[in-house]
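Heads up: the structure comes next, in structure tokens.
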There are 6 protein chains.
Amino acid sequence: MANDQQGARYERGAATMKAIGNPAPGPGRERFPGLPPELADDVQQKLVEFCFGDTWGREGSHIDLKTRRLLTIAALVSQGKERQLRGHLGGALNQGITPEELTEAIIHLIAYVGFPSGLTALEIASEVIGSRK
Amino acid sequence: MANDQQGARYERGAATMKAIGNPAPGPGRERFPGLPPELADDVQQKLVEFCFGDTWGREGSHIDLKTRRLLTIAALVSQGKERQLRGHLGGALNQGITPEELTEAIIHLIAYVGFPSGLTALEIASEVIGSRK
Amino acid sequence: MANDQQGARYERGAATMKAIGNPAPGPGRERFPGLPPELADDVQQKLVEFCFGDTWGREGSHIDLKTRRLLTIAALVSQGKERQLRGHLGGALNQGITPEELTEAIIHLIAYVGFPSGLTALEIASEVIGSRK
Amino acid sequence: MANDQQGARYERGAATMKAIGNPAPGPGRERFPGLPPELADDVQQKLVEFCFGDTWGREGSHIDLKTRRLLTIAALVSQGKERQLRGHLGGALNQGITPEELTEAIIHLIAYVGFPSGLTALEIASEVIGSRK
Amino acid sequence: MANDQQGARYERGAATMKAIGNPAPGPGRERFPGLPPELADDVQQKLVEFCFGDTWGREGSHIDLKTRRLLTIAALVSQGKERQLRGHLGGALNQGITPEELTEAIIHLIAYVGFPSGLTALEIASEVIGSRK
Amino acid sequence: MANDQQGARYERGAATMKAIGNPAPGPGRERFPGLPPELADDVQQKLVEFCFGDTWGREGSHIDLKTRRLLTIAALVSQGKERQLRGHLGGALNQGITPEELTEAIIHLIAYVGFPSGLTALEIASEVIGSRK
């Protein structure tokens with residue numbers, strides 16, 4: 001965030017994160033306390049700028065934020081990324097996507113990724129949704 | 001398709017395939033001419049019944065057919081399934097999803113699956129969309 | 001399980017699960033307590049019907065139940081599905097597959113999936129087999 | 001193959017390849033004509049020694065050669081390795097595994113790896129089996 | 001490339017591509033002729049800016065450009081991305097990495113990704129290296 | 001380790017492990033206490049001989065031990081092998097690779113494997129590096 005150029009992309013990313021119900025991004029050195037602090041900050045900045053500023057927050061986008069969340073969840077289920085899936089399922093609920101929609105989306109994916117990936121995702125969804133009750 | 005029970009699931013599947021712009025399912029022994037014919041037919045029946053009857057065609061579904069196609073495409077991009085991706089991108093166009101929406105969806109996925117998977121998917125999308133012009 | 005058609009596939013699945021030493025399938029809403037209860041039940045029904053009724057329990061099958069378990073384990077090792085692997089290794093022991101056969105099968109896979117996937121699977125197998133002593 | 005030690009493992013591997021219907025291993029520099037010749041030979045030697053000598057040809061093995069082929073095929077289907085799958089399906093036929101058994105094994109895997117991986121494998125199996133008729 | 005901010009990242013990326021022996025990036029609409037032209041250009045810009053400007057071209061980097069190429073190749077071999085692997089192997093040769101180093105790196109990976117992924121990568125390397133002779 | 005032939009490869013492997021800062025390999029039956037003891041020992045022997053003797057310890061190698069570690073880490077990040085990644089990151093530190101180099105290597109990979117795989121790897125790196133302080 002050393003100059004104005006980066007600042008503009010970062011601001012758009014942080015605003016998009018707020019709009020979709022994600023927690024505000026803290027400093028990278030707090031998220032990754034063991035890493036060299038400047039590199040940890042760089043990663044966090046990259047994440048905010050590229051994922052949320054340039055990707056989720058694209059100008060003139062042809063798909064809406066709800067579709068973006070479901071696409072993200074489909075990618076995480078397909079790759080078996082359990083840690084990230086937990087976070088994005090929570091974000092989806094914050095964003096107003098219903099437990100029925102999330103569960104139905106994962107059930108749909110079973111045909112395309114197989115039962116093991118699907119059942120693991122449903123176990124995680126059960127924990128995330130259950131923790132909100 | 002030996003009895004009425006299987007017939008009901010198969011009919012629902014074939015109707016759903018028609019509704020989403022997929023070609024009508026032919027006999028498995030024509031699709032897989034080298035396989036033992038009865039087993040080839042079984043596979044095709046399983047595909048129609050399970051993927052299209054039980055999954056895409058679920059009663060009281062909480063997500064619509066356009067969302068189901070985008071989820072399917074996200075799973076195929078994430079797994080690098082190039083043959084199947086080609087077919088589902090064509091189906092998506094038949095279903096009325098625009099080239100802009102498909103391209104935007106794959107661009108979104110780059111952040112989650114990396115550039116190599118994303119660029120390969122965009123090359124296939126370019127061929128599929130280009131062939132319709 | 002709303003009608004007789006689904007009941008027949010479910011019964012075959014439950015019978016196959018018993019035959020291969022898997023625990024009896026309980027209601028989905030108990031397995032996935034955080035999910036919408038009707039959807040959780042649907043998933044469990046799909047699992048029993050499709051995986052165990054239509055797949056493991058296929059009529060006139062050309063491969064036996066022991067081979068089916070080993071194929072399943074190979075798929076789980078290759079995909080790195082640790083949660084599901086644990087369950088299927090336990091099921092294999094219940095089914096009468098020996099610790100020597102299971103270990104040898106995973107050792108075989110090392111050449112095809114690499115040491116990291118193989119060693120992780122052997123660590124899980126060590127825990128599952130060790131817990132039976 | 002610079003010394004007697006390597007020779008013993010290589011001989012066992014080549015004998016195992018013959019026993020399971022694989023073609024005899026030629027020199028690596030013929031298989032990989034663009035690579036530095038000594039390195040190409042090293043790779044081929046590694047393959048014969050490790051995969052076929054130490055793995056398929058293990059002394060006192062607890063699983064038979066037919067099971068080893070099916071496990072190998074399951075790993076290839078699960079990872080989507082199309083080039084290698086083609087070779088191992090041909091080898092399986094040479095080894096006396098029937099088209100019915102191979103097809104049934106891949107159908108089994110659909111539940112665990114999803115339809116896209118399964119259908120792609122069945123298309124390849126259809127080509128390999130069909131080419132033998 | 002609508003404003004000066006994007007221009008700076010793009011210029012750095014294009015300069016890095018030149019430095020590592022990659023071809024100059026043309027317009028996205030030429031690379032992806034079937035896609036909506038503005039979106040195709042966006043993707044190409046993203047690629048130049050993020051992969052080559054922000055990643056390969058990071059200021060104050062702790063690893064050199066040769067290491068970055070080998071890391072990239074390792075990621076492509078591990079994921080089985082054949083199209084991209086072909087391009088990056090050619091780029092590595094342009095960059096001055098020797099055929100011996102590339103072959104040795106892929107041989108190293110066999111232990112970690114298994115023989116099928118390793119042999120496929122060596123077949124591609126044989127074609128790329130052979131075509132330069 | 002029943003004969004002199006195996007002993008030579010094992011010794012080379014154990015020496016290489018020492019040279020790169022890995023802990024000395026104990027008996028397989030201690031690492032995998034639940035497995036049949038002879039098979040557990042076989043696996044450990046295979047690991048030492050093939051990964052460290054034949055692979056890391058190759059005579060006349062064209063790449064150095066630091067490059068081999070980074071390639072290994074790239075393969076583990078790409079495949080999402082969290083257990084093994086933890087061990088190899090610790091080994092890399094023992095070998096003299098700096099926290100800055102490790103972090104930078106994983107940041108590089110984000111472009112090629114996506115943010116979810118990259119961020120998970122950075123979380124593990126943060127724990128491993130942090131535990132050494």
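The values are calculated or read from the model by the stated rules, or taken from the named source; none is laboratory data. What you see is a predicted model; the values in this text were computed from it and never measured. Note that we place each Cβ from the backbone using ideal geometry, even for glycine, and neighbour counts take in every protein chain shown. Note: accessible area is taken over every heavy atom of the protein model, side chains too, but ligands, DNA and RNA are not part of it. Shrake-Rupley method; radii C 1.70, N 1.55, O 1.52, S 1.80 Å.
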Exercise for review: Would you be able to say whether some residue in region F:73-88 is open to solvent by 10 Å² or more (accessible area, probe 1.4 Å), farther than 30 Å from C:Leu93 by Cβ, in contact (Cβ under 8 Å) with a residue 12 or more places away in the chain and assigned to a helix (DSSP H, G or I)?
Suggested key: yes
Exercise for review: Could you run through region E:54-83 and say how many residues are of a type outside the set (Asp, Glu) and within 24 Å of C:Gly80 (Cα to Cα)?
Suggested key: 11
Check your understanding: Regarding E:Arg9, is this residue in contact (Cβ under 8 Å) with a residue 40 or more places away in the chain and basic (Lys, Arg)?
Key -> yes
Study note, to complete from the structure: The one condition E:Leu65 fails out of (1) open to solvent by less than 30 Å² (accessible area, probe 1.4 Å); (2) touching a residue at least 12 places away in the same chain (Cβ under 8 Å) is (1)
Practice item. For region C:89-101, name all the residues that are in a helix (DSSP H, G or I) and either within 11 Å of chain D (Cβ to nearest Cβ) or open to solvent by 30 Å² or more (accessible area, probe 1.4 Å) (or both). Key: C:Leu93, C:Asn94, C:Pro99, C:Glu100, C:Glu101
Check your understanding: Any chance region F:16-28 includes a residue that's assigned to a helix (DSSP H, G or I), basic (Lys, Arg) and touching a residue at least 12 places away in the same chain (Cβ under 8 Å)?
Key -> no
Revision key, fill the gap. Screening D:Glu123, D:Glu104 for residues that are open to solvent by 10 Å² or more (accessible area, probe 1.4 Å) and either within 11 Å of chain B (Cβ to nearest Cβ) or assigned to a helix (DSSP H, G or I) (or both) leaves only D:Glu123
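So that you can scan it fast, the table gives a plain yes or no per residue for (1) open to solvent by 20 Å² or more (accessible area, probe 1.4 Å); (2) at pLDDT 95 or above; (3) touching a Lys or Arg at 6+ places or on another chain (Cβ under 7 Å):
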site	(1), (2), (3)
D:Asn22	yes, no, no
D:Glu30	yes, yes, no
D:Gly34	no, yes, no
D:Pro37	yes, yes, yes
D:Asp41	yes, yes, yes
D:Phe50	no, yes, no
D:Trp56	no, yes, yes
D:Gly60	yes, no, no
Practice item. Determine whether region B:93-103 contains at least one residue that is of a type in the set (Val, Ile, Thr) and over 30 Å from E:Pro37 (Cα atoms). Key: no
